Structure formats: structure tokens, C-alpha cells
Amino acid sequence: MIELVAKHLPVLPIAIALVAAAWCLTVPESKTRLQRGVAWAALLLLLAVALFAVNRTARGEQFVYLLGNWKAPYGIALVVDKLTAIMLLLTTFVGAVVFAATNFKPADGKPVSTGTYFTPLFLLQLAGLNGAFLTADLFNLFVFFEVLLAASYGMLLQHSDQRRTNAAIHYVVINLAGSAIFLIAVSLLYGVTGTLNMADLSQRISVIPAHSQALAAAAGFLLLVVFAIKAALLPLNFWLTNTYRAAVLPVAALFALMTKVGVVAIIRTMTLIFPEGGIINQYMSQALLIIAPLTLLAAAAGALSARDVRSLIGWSVVASAGLLVCAVAMGGTMALSGALFYLIGSTLATALLFLNTAAIDEVGPRLAAADTVPGSAWAWTGALFFIGAAALAGLPPFAGFIGKAAVLAGSVNQAWQGWLWFAILGGGLVSMLAYARMGSRLFWKRDAADNVPAYLVPCIAIATALVCLTVFAAPIQRYTDQAAVELRRPQAMISNVLGKLAIEKSATQDINKLGAPK
């Protein structure tokens with residue numbers, strides 16, 4: 001059984017989510033318990049697969065799956081390496097917590113309102129996210145981008161009013177524009193190299209004729225533009241805060257993973273498609289070392305000027321993406337390892353803050369209208385807000401501090417060291433001020449909120465994961481160190497993908513399947 005799972009490991013996270021989504025579509029919307037039961041079964045399977053992937057990749061294994069049994073680069077390949085395993089586990093855990101928040105009932109006894117067909121859309125979103133992390137083919141990455149975006153469009157438009165509709169229009173238009181640019185970039189790369197397999201591209205880019213290098217560079221920078229849209233880098237981040245403010249809050253917690261898709265795509269571009277040492281990678285790094293710190297500083301300023309919690313968290317998501325791309329552009333193993341560690345912590349902290357904000361929105365007005373607000377009313381909410389804010393801003397001893405420290409250590413002796421330290425430390429300081437300002441407004445005045453069971457259990461689950469990330473920082477950081485080394489030395493992945501042989505079938509088996517001629 002274990003060997004069967006290992007054999008089909010790369011395709012299982014996609015297949016489980018897609019099958020569960022299709023099954024939920026056949027169930028009437030009125031039978032919500034059955035739909036949720038199917039979704040929970042899928043989530044438990046996905047969690048088991050993700051844990052299996054982390055366990056096996058920690059031993060140094062990589063898994064390659066040939067869709068349709070076509071040998072790469074002619075067919076589509078899926079790959080599970082350490083980076084993929086991290087993202088699969090993170091996606092499944094956050095997805096399970098968000099789904100749990102939509103299953104509980106708040107104090108008024110009514111379920112959390114998520115809209116029509118939420119469960120199949122939620123599962124399609126997971127399928128798109130998992131596929132984007134697993135694929136080793138650029139066109140397949142485009143396909144999974146569209147799957148997760150299509151699901152997010154449906155979830156964003158639930159309970160649509162003028163504000164949500166306006167935000168959805170901006171979100172859809174910018175992502176459609178990004179998809180068009182993506183297709184142009186893919187077409188250019190295919191015209192120059194004749195392949196879209198990432199491992200094959202890595203080899204062919206280095207030997208393309210001189211007259212084609214400009215086209216390859218143009219395609220690479222177009223890819224960066226697309227992934228910068230997904231990661232919400234400056235100046236392509238104007239869509240994010242309005243989108244997160246308009247989304248139903250449990251859904252917004254899941255949307256926090258979408259910016260990480262852009263960051264992971266940038267990592268693959270900078271380490272695999274255009275590897276270190278090439279002239280194209282050098283120009284890309286220089287461009288990102290300007291854009292990413294500016295994104296971090298602008299997002300910190302936006303967080304300080306935020307008038308509500310949703311906007312504050314949205315700007316914090318942008319700031320975290322800026323920090324992650326800074327580390328990727330540096331190119332060192334330590335900086336990249338720190339970025340992966342910070343990616344885990346920042347994603348968990350963002351989900352925690354969004355779910356905690358859902359509690360504030362749920363019962364804050366009721367408590368604010370009361371004559372007296374007891375001190376225990378905001379105890380849980382305030383404590384969870386502090387944990388999420390401290391982790392996201394990078395305060396010790398939380399995991400965000402460990403990740404930031406590794407990124408700063410990786411920038412030592414770099415030409416851009418002063419600029420990077422100013423942006424990372426300055427942005428962190430402004431972010432701390434922004435959260436302190438918002439916390440004083442929330443928990444020192446009448447609009448404080450009591451956390452109710454609909455959000456208390458999921459929030460505590462994420463807060464516990466953040467604490468565990470700090471307590472077990474040493475083994476986790478060893479894993480991210482290995483992942484960074486694996487990413488910066490992609491030769492093993494290239495040989496695994498291109499050397500994977502299709503399963504050959506005997507002629508007798510083929511004849512038996514076709515049947516005897518009549």
C-alpha cells in the first residue's frame with residue numbers, strides 16, 4: 001500500500017480534491033452535511049498524503065509522475081520535492097482550518113454564511129493550488145492558475161453587493177490580463193526553445209543561439225510580471241487589499257495562500273528555468289532587489305495608514321511577499337532557507353489574523369453596544385491578535401523572527417546589503433507600529449470582541465501551529481536548509497524529470513485489452 005501511494009504520490013493531491021469536488025457537485029445543495037462529509041474525507045486524505053510527502057522527501061527522495069505515461073519533455077510531469085511538500089502540507093492544514101471555521105456555528109446559532117456551492121468551489125481551489133505547486137510544466141502551471149482563479153472568482157462573488165462586485169471586477173480583470181501575458185511569455189519560450197518542461201528549459205536556455213537570447217530574456221521578464229501580479233508586488237498590488245476586504249473572512253484566510261503561489265513560481269523561475277549564474281537570472285535578480293524592498297516599505301506604510309483590520313492584514317500579506325522575494329533575489333542558501341521558514345510562519349499568521357477578525361466582525365458590534373464590557377470579553381481575541389501580529393511582524397521569539405534573521409544573515413557581504421537591511425528592518429518596525437495602533441483601537445475601546453466557538457477552535461489550532469513552529473524551529477530549519485540547497489542545485493531534479501522512463505507494456509497486454517479480431 002505504501003509503495004502504491006509513493007508511486008502515485010505526485011498526482012494524489014490533485015486527484016483527491018478534483019474527485020471530491022465532482023462528487024459534491026452531484027449532491028444537492030440542501031444536503032450540506034453530506035457535502036461537508038465528503039470534503040472532510042478529502043481533507044483528511046490530503047493531509048495524510050502531505051505528511052507522507054514531507055516524511056519521504058526529508059530522506060532525500062524526489063517523486064516524478066508522468067501524466068499519460070508520456071516521457072518528459074514530450075508529456076507533462078508532476079514533481080514532489082521538499083518545496084512542494086512544504087506547500088502541500090501548508091495548503092492542506094490552512095484549508096482544513098478554514099473549512100472547520102465554516103462548519104461551526106456562532107453564538108446566534110446560524111452557520112457561518114459562505115454562499116452557494118462553497119464546498120465544491122473550496123475543493124477546486126485546493127486542486128488548483130496543489131497543482132500549481134506540483135507541476136513541472138509551464139503550460140500546466142497556467143492551467144492550474146486558471147483553475148484556482150476560477151474557484152476564487154466564485155467564492156469572492158458570494159453574497160455580492162456593490163462593494164464585493166467592484167472588488168471582484170478589479171480582481172478578475174487584473175488576473176485575466178496576467179493570464180494573457182502568461183500565454184505570450186509561454187509562446188515566446190516555446191518558440192525559442194521548443195519545450196515548456198521546466199527541467200528541459202533549464203538546459204536549453206543555456207545553449208540557445210545568441211540571436212534568440214533577447215526573446216528568452218523578454219519571455220522571462222514577462223513571466224516575472226505575471227508572477228508579480230500573483231504575489232502582489234509593487235506596482236501590481238493594487239487589487240489585493242480591496243479583494244481581501246470584500247471576501248468572506250474565512251475565504252480571505254484561504255486566499256492568503258494565493259500570493260504564495262506567485263512567490264513559489266518566482267522561486268522556480270529563478271532557480272530552475274533561469275538558474276543562477278546566467279545573465280538572465282542576474283538581470284532578474286537586480287530588478288527584484290529594487291522592486292521587492294520597495295514593495296515591503298510601501299506595504300508597511302499602507303498598513304500604518306489602514307483604518308480597519310482587513311486592510312491592515314491585506315497590506316501585511318503584501319509586505320510578507322516583498323520580504324520573501326527579497327530573499328529569493330539574493331540567491332544565497334541561507335537567505336532562501338530563511339524565506340521558506342518565514343513563508344510557513346507568515347501564511348499561518350495571516351490565516352490566524354483573518355479568522356480572528358471574523359470573530360471581531362461577528363460579535364464586536366453587540367459588545368460595543370453593551371453598557372459594560374467585561375475584561376474577559378476580549379481576552380482570547382486580544383491574545384490571538386497579538387500572536388498573529390508578532391509572528392507576522394517578526395518579533396522574537398516567534399517563527400517570523402527566525403525567518404527574518406536568516407534572511408538578514410544571508411544578505412551579509414552583498415552589494416545591496418544596506419538597502420535590504422533598511423527595507424526589512426524599517427518595514428518590520430513600521431508594521432509593529434501599525435499592529436500596536438490597531439490593537440489599541442480594538443482592545444482598549446468598546447469595539448472589542450469575544451471569540452466564539454465558530455472561530456475559537458480554528459484560531460487556537462493555527463496559534464498552536466505557530467508556537468510549534470518556534471519550539472521545533474531547529475528540525476524545521478534543517479528541512480528548509482535542505483530544501484534551499486535542493487533548489488539552488490537543480491541538477492538532481494532535472495535528471496529525475498528527464499530521466500524518468502515511461503512504463504512499458506508488453507504487446508500481449510495491449511492485444512488482450514483490444515480483444516481478438518472478429
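The values are calculated or read from the model by the stated rules, or taken from the named source; none is laboratory data. These numbers come from a predicted model, not from an experiment. For neighbour counting, all protein chains shown are included, and Cβ atoms are generated from backbone atoms with ideal geometry for every residue, glycine included. Accessible surface areas use protein heavy atoms only, side chains included; no ligands, DNA or RNA. Shrake-Rupley method; radii C 1.70, N 1.55, O 1.52, S 1.80 Å.
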Under the helix-only model (-39500 (n - 2.57) for each DSSP H run of 4 or more, divided by the residues of the chain), the mean residue ellipticity at 222 nm, to 500 deg cm²/dmol, is -25000 deg cm²/dmol
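Order the following by accessible area, largest value first: ASP137, ASP308. Probe radius 1.4 Å; ligands, DNA and RNA are ignored.
Numbers: ASP137 15, ASP308 45 Å².
Descending accessible area places them as ASP308, ASP137.
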Label-point separation (nm) for GLN203 and VAL143, each offset 7 Å from Cα along Cα-to-Cβ? 2.3
Say R0 is 51 Å: what FRET efficiency, to the nearest 0.05, do GLN286 and LEU34 get from their beta-carbon distance? 0.40
Once label points are set 7 Å from the Cα along Cα→Cβ at both ALA214 and ALA492, what is their separation, rounded to one decimal in nm? 4.0
Dipole in debye (nearest 20) - segment 2-499, about Cα centre, beta carbon charges: Lys, Arg +1; Asp, Glu -1: 260
Hey, with R₀ at 35 Å, roughly what FRET efficiency would ALA474 and PHE238 work out to, going by the Cβ-Cβ distance, to 0.05? 0.30
Taking a crude spin-label model, label points 7 Å out from Cα along the C-beta direction, the ALA409 to ASN69 distance in nm is 4.9
Excluding near-sequence neighbours (fewer than 8 apart on one chain), the chain holds lysine pairs with C-alpha atoms under 15 Å apart numbering 5
Using the alpha-carbon centroid of each, what span in Å lies between segment 316-358 and segment 377-435? 10
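Please give the contour-minus-distance gain from GLU61 to ALA379: 0.36 nm per residue of separation, less the Cα-Cα distance, rounded to one decimal in nm. The partial results should precede the final answer.
Values: separation 318, 0.36 × 318 = 114.48 nm, distance 4.52 nm.
Stretched out fully, the GLU61 to ALA379 stretch lengthens by 110.0 nm.
Roughly speaking, to the nearest percent, how much of the chain's 1.4 Å accessible area is carbon and sulfur?
Values: 13680 of 20570 Å².
It is 66 percent, rounded to a whole number.
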Cα atoms only: what Rg and Dmax, in Å, come out for the chain? 22.9, 88
Could you provide, to the nearest whole Å², the per residue accessible area of segment 2-499 with probe 1.4 Å? 37
LYS404 accessible area, 1.4 Å probe, all protein chains in place, Å² to nearest 10: 30
